[in-house]
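Trainee: Pasting in a structure now, in structure tokens, and then I'll have a few things to ask.
Here, each number is a calculation from the coordinates, and none is a lab measurement. Predicted, not measured: the structure shown is a model, and the values here were computed from it. Cβ coordinates were reconstructed from backbone atoms using ideal geometry, including for glycine residues, and neighbour counts include every protein chain displayed.
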């Protein structure tokens, strides 16, 4: 009896699982499928390609337009992630460990920024960046990315930092280490998993951005892939860019899939730990 | 450096080490000129380090948001079209009158509101279901969680292209689903597709936030309810929902404000055609396509105010359930 119900329950959960997996994967598989179709079969509406080809990938890697955008995407996202995690870790350490005036204010401000409508910044940043001559540069994108990634970084990291066994820090201080040394030598290694998780979340955020990327850039110099996609024209002006767009889309989806496959547990814990404190 | 770690007066080193008095007395009146209980060297060092560690993050956040938003208000009070820079002048609230009496603005506002309300409502239901599946499934938990993270992680523009081609007649596998013509060329079906794309993309995020709340539901409580003969629905409404309330509110607040910013999906799916522009889309078009900084900034400010109102209403309606309100000290 008991065995039977668990089997039935398992079956029911299994069906629900399948539903979720299908729901989540179909759009991704679809664009991947399109990217492997030949121009002739591109518009046949078949979910699975009738003829497979890698031509679309060859096309995009042959064009400077995509390669340049990919370099921009990777560079900008990595730099912004690095800076946001370092600044976020400093602030999160202070928030979770130290007593100082203005702590609540900082938490409040970062919450406000997390909810801030980014489009409200587009017009002033556009004008300010033109004046500062950083419009259409890496820096011009990195700055807003850091800003909007910081709340995420601070929240996630302070949640992680609160789980660290801080007695070790005391022990280190008793052995004569300063607060700064205790941070660098003892806490930082313990915090590494949290830092890594945060870095993934921040990277995904920067990698994903579209609004700033199309508003604060105007040339290939700093346009990232999501923005470049909407300017794609295939190999020649008159060619339908669908295949190329899909191939480029798949290329920038690969890192996300890899992150998710290898670090599912970390990403889930990072996202939920940041939220649960409220 | 305007950020000063130590109160300047009356802090000659003394042995006053009582943590609580030091903490509470000095926070509100940092430079109020009143007598403060002196701080120990240790405490002072801690404060200095705390402020020092937070300063870079705080400075960046403020420099990139506070200053531009003020500048934005200033720009919104001017006639400022980059195509006619000579005509730049201060015109008071004229831009606001222009925008607020413009039917495009109100159409976009209505579209944005509709998308926000519908998507958040649907996501709450689906997200709750997904959260329960991710939390309780007996088989393949890792698989479900991994799959659910893909919509969360994927670049919105990529997903939007996938949906666009799926609904393009001839190319797409969904195009013929509702028979006639091209769904992305009609208003109602375009809006439905935009909402579908939004829901697909952000339900997992909602589910993850809800799952955090689900993890707080004590297992014993559910068992006790079962022994008392509660049905699954009763367990859900009487036991789980009350415990999850804070998590639900946080998820709702975040998703509502996020949904209000909807931009990427509309840009790719319809480019705002057939009156499907959101306010973000409209502001972008006025700024980047129209190069009208005055009007663009006015819209920016109005969007900012709307978001502030929504956030305020949430916090007022639901008390201090918002994160940050009681965050600092809690573990």
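Trainee: Given the range A:174-274, what helices (runs of 4 or more DSSP H) lie entirely inside it while holding 2 or more residues that are away from chain B (no Cβ under 11 Å)?
Mentor: Filter on the range A:174-274 gives A:188-208.
Residues checked against (1) surrounded by 15 or more Cβ atoms within 10 Å (Cβ to Cβ); (2) at the interface with chain A (Cβ under 9 Å from one of its Cβ atoms); (3) within 17 Å of residue A:29 (Cα to Cα); (4) touching a residue at least 40 places away in the same chain (Cβ under 8 Å):
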residue: B:138; (1), (2), (3), (4): no, yes, no, no
residue: B:143; (1), (2), (3), (4): yes, yes, yes, no
residue: B:148; (1), (2), (3), (4): yes, yes, yes, yes
residue: B:162; (1), (2), (3), (4): yes, yes, yes, no
residue: B:169; (1), (2), (3), (4): yes, yes, no, no
residue: B:206; (1), (2), (3), (4): yes, no, no, yes
residue: B:214; (1), (2), (3), (4): yes, no, no, yes
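Trainee: Among the residues of the range B:51-81 satisfying the criterion of being more than 30 Å from residue A:92 (Cβ to Cβ) and touching a helix residue (DSSP H, G or I) at 6+ places or on another chain (Cβ under 6 Å), which is farthest from the other protein chains (Cβ to nearest Cβ)? I'd like the intermediate steps shown before the answer.
Mentor: As a first pass, look at the range B:51-81 and keep what is more than 30 Å from residue A:92 (Cβ to Cβ): B:73-81.
Of the ones still in play, those that are also touching a helix residue (DSSP H, G or I) at 6+ places or on another chain (Cβ under 6 Å) are B:73, B:75-76, B:78-80.
Working: B:73: 9, B:75: 6, B:76: 8, B:78: 11, B:79: 14, B:80: 9 Å.
Across the range B:51-81, the extreme among qualifying residues is B:79.
Trainee: Let me ask another. What do you reckon, is residue A:147 within 24 Å of residue B:58 (Cβ to Cβ), in contact with a helix residue (DSSP H, G or I) (Cβ under 8 Å, 6 or more places away or on another chain) and within 13 Å of chain B (Cβ to nearest Cβ)? Write out each step before concluding.
Mentor: Values: within 24 Å of residue B:58 (Cβ to Cβ): yes; in contact with a helix residue (DSSP H, G or I) (Cβ under 8 Å, 6 or more places away or on another chain): yes; within 13 Å of chain B (Cβ to nearest Cβ): yes.
Yes.
Trainee: Looking at (1) in contact with a helix residue (DSSP H, G or I) (Cβ under 7 Å, 6 or more places away or on another chain); (2) within 7 Å of another protein chain (Cβ to nearest Cβ), which is the one condition that is false for residue A:104?
Mentor: Condition not satisfied by residue A:104: (1).
Trainee: Across the range A:247-269, what is the number of residues that are in contact (Cβ under 8 Å) with a residue 12 or more places away in the chain and more than 20 Å from residue B:156 (Cβ to Cβ)?
Mentor: Qualifying residue count, the range A:247-269: 3.
Trainee: Of the numbered conditions (1) surrounded by 22 or more Cβ atoms within 10 Å (Cβ to Cβ); (2) within 9 Å of chain B (Cβ to nearest Cβ), residue A:80 fails exactly one; give the number of that condition.
Mentor: Among (1) surrounded by 22 or more Cβ atoms within 10 Å (Cβ to Cβ); (2) within 9 Å of chain B (Cβ to nearest Cβ), residue A:80 violates only (2).
Trainee: For the range B:121-132, check the following and say yes or no: at least one residue is at the interface with another protein chain (Cβ under 8 Å from one of its Cβ atoms), farther than 21 Å from residue B:288 by Cβ and outside any loop (DSSP other than H, G, I, E, B).
Mentor: Yes, the range B:121-132 has at least one match.
Trainee: Still on this structure: Out of the residues in the range A:83-119 meeting the condition of being surrounded by fewer than 24 Cβ atoms within 10 Å (Cβ to Cβ), in contact (Cβ under 8 Å) with a residue 40 or more places away in the chain and within 17 Å of the chain's Cα centre (by Cα), tell me which one is farthest from residue A:184 (Cα to Cα).
Mentor: A:118
Trainee: Checking the condition away from chain B (no Cβ under 14 Å) and within 27 Å of residue B:143 (Cβ to Cβ), which residue from A:52, A:30 passes?
Mentor: Values: A:30 fails: away from chain B (no Cβ under 14 Å).
Step by step, each of A:52, A:30 is checked, and only A:52 is away from chain B (no Cβ under 14 Å) and within 27 Å of residue B:143 (Cβ to Cβ).
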